[in-house]
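Written out below as structure tokens is the structure these notes cover.
Only the coordinates and a few stated rules stand behind these numbers; no lab work does. For clarity, every value in this text was computed on a predicted model and none was experimentally measured. Don't worry about glycine lacking a Cβ; one is built from the backbone with ideal geometry, like all the others, and counts go over all protein chains shown.
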Amino acid sequence: MNRLNILIVTAIVMVSGTAFLGLQSAVAQYTGGGGGSSGASSLEEQLKLAQEKLRVAGQEGAYGSGTSMVTGDTNQTAIFIGILVAIFGGVAAAFFIMSRSRQRQPARY
């Protein structure tokens, strides 16, 4: 493979990987400082929040963490699948084209 092609493919992979890492799909649940309150009240507040979370999770209609995996936004899922098909399809097409464009050399004995 040509050195220029290797550099181009590497750059494309790095840019696409950076784009995916730049998308933030979740935020941190807990903060380090406890919201500016003292340590004892912070612990008590977190305990109350945890108990409230358990109470809410036990109610009817509370399923899992609240992140829907199947019944979510179908447009977002379709876009994600389309991106994956484009990436893997592009890689497969590149390998196919490279295999067809290379000239076969006879084996040397």
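A few notes on this one:
- Distance in nm between pseudo-label sites at residue 9 and residue 75 (7 Å out along the Cβ direction from Cα): 3.6
- Other residues with beta-carbon under 13 Å from the beta-carbon of residue 59 carry, at +1 per Lys or Arg and -1 per Asp or Glu, a net charge of 0.
- Sorting 101, 42 from the fewest to the most surrounding beta carbons within 10 angstrom yields 101, 42.
- Neighbourhood charge, 14 Å Cβ-Cβ cut-off, centred on residue 45 and excluding it, Lys, Arg +1 and Asp, Glu -1: 0
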